[in-house]
């Protein structure tokens, strides 16, 4: 395979080798572009490959090294960006025909910070239209495939980003998560996916619809690569008044924090979810590993009500406010599931919306009281293993009928509460597809989540397990 020896280098390794003049940014960029050209036609992970711009940026990065200029944490590291992230000078469509020709005049804050840290942009990755569903197919660019099994979904909506990283088409990628859109594809593709605390990463400018729940986070093959990306993109920006000030200390350094003595709760179902037996077995074994790490692990039923109705009501109303003016004139150009979601939002009254927000506040109070006892909560990331493309989402799990979101019951609750949460590889099924474990922290405890994820990675390493290309 083309440049196999370079394809699986971590972001931290690349940055260190570039800084020490042992690896040229031009060389690593060329290797990854060649690999994208060879592999992506089967995956459809990328919707835009910016080869010329990437080569030019790599040459500039190499000149900076030779001139001994100050170098950022990701200097010379090639990576990709989900196609909902505004990127100055690059077509950014949101996976929608409505914006097929949009070329933003400014970067979203996280993208600008990656560039300032020396990262080299390889291109944009595929997403569902405006990220509205946890699958990855769009009216503009079609279906993305899971590198572990090309007939299965990589999840979504950051599925293009996940498929790229899992296939060695860049060490890290930037995605967005409004209901699980980083964590679910991380689970389905055998990666680390980090949803930072709400407000940890500024969200402006960008496509509307994800107020109160959306954030931006990394997908990576190692916890430390995810942490160094978060070090770069986190911190307040007054253009987003919900953004949080930068924390003291480094997220990368937090990966070395001691987790012994942490109180950890493990719930296989949150008390209401239907979950595949094989997912329960894999994630249960992973949760038990935290005992060997020195944590105190307790099996729990939190006793919370399922917040799906409140989540769906809030998002439908926000999508209606954002996109209803496009109907019916542009309806034929849009994903049918997005049109249905927008129309559902049109039936949400102001009283319904405010009532749903009040339910979220009450839900948070229950979660807050629960987490007074525990430092971390462990769950499966998804209720199912990666499923077949084109078959729709599972509506029956473990013999039970489930709602449309019933296969992803563990992710969106923590978008509602704003807590940090990461998915890490828990193991693989007998037929060779990944299953993720979700690690949820207390409010604003991103460092603890990363420390726990890094400790689990050290105990149960996954880096050398790769899909057959």
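The values are calculated or read from the model by the stated rules, or taken from the named source; none is laboratory data. This one's a predicted model, so the numbers in the text were calculated from it and none came from an experiment. Please note: Cβ atoms are built from the backbone with ideal geometry, for glycine as well, and neighbour counts cover all protein chains shown.
The table for this structure:
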read-out	value
Flag if residue 41 is at pLDDT 95 or above, surrounded by fewer than 24 Cβ atoms within 10 Å (Cβ to Cβ) and part of a loop (DSSP other than H, G, I, E, B)	no
Residue selected from region 295-304 under the condition loosely packed, with under 14 Cβ neighbours inside 10 Å and closer than 26 Å to residue 357 by Cα, by the criterion modelled with the lowest pLDDT	303
Index of the failed condition, residue 112 passing every other in (1) touching a strand residue (DSSP E or B) at 6+ places or on another chain (Cβ under 7 Å); (2) outside any loop (DSSP other than H, G, I, E, B); (3) more than 21 Å from residue 32 (Cα to Cα)	(1)
Residue, nearest to residue 163 (Cα to Cα), within region 1-38, restricted to residues that are touching a residue at least 60 places away in the same chain (Cβ under 8 Å) and not in a helix (DSSP H, G or I)	8
Members of region 390-431 that are assigned to a strand (DSSP E or B) and under 18 Å from residue 193 (Cα atoms)	421, 422, 423, 424, 425, 426, 427, 428
Filter result (in a helix (DSSP H, G or I), closer than 18 Å to residue 426 by Cα and free of Cβ contacts under 8 Å to residues at least 40 places away in the same chain) within region 288-322	288, 291
Any hit, region 382-389, residues being touching a residue at least 40 places away in the same chain (Cβ under 8 Å), more than 19 Å from the chain's Cα centre (by Cα) and not in a helix (DSSP H, G or I)	yes
One residue from 206, 159, 170 being closer than 25 Å to residue 104 by Cβ, at pLDDT 95 or above and within 12 Å of the chain's Cα centre (by Cα)	159
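Yes/no matrix, rows are residues, columns are (1) in contact with a strand residue (DSSP E or B) (Cβ under 9 Å, 6 or more places away or on another chain); (2) closer than 22 Å to residue 143 by Cα:
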| position | (1), (2) |
| --- | --- |
| 33 | yes, yes |
| 41 | no, yes |
| 50 | yes, yes |
| 54 | yes, no |
| 64 | no, no |
| 70 | no, no |
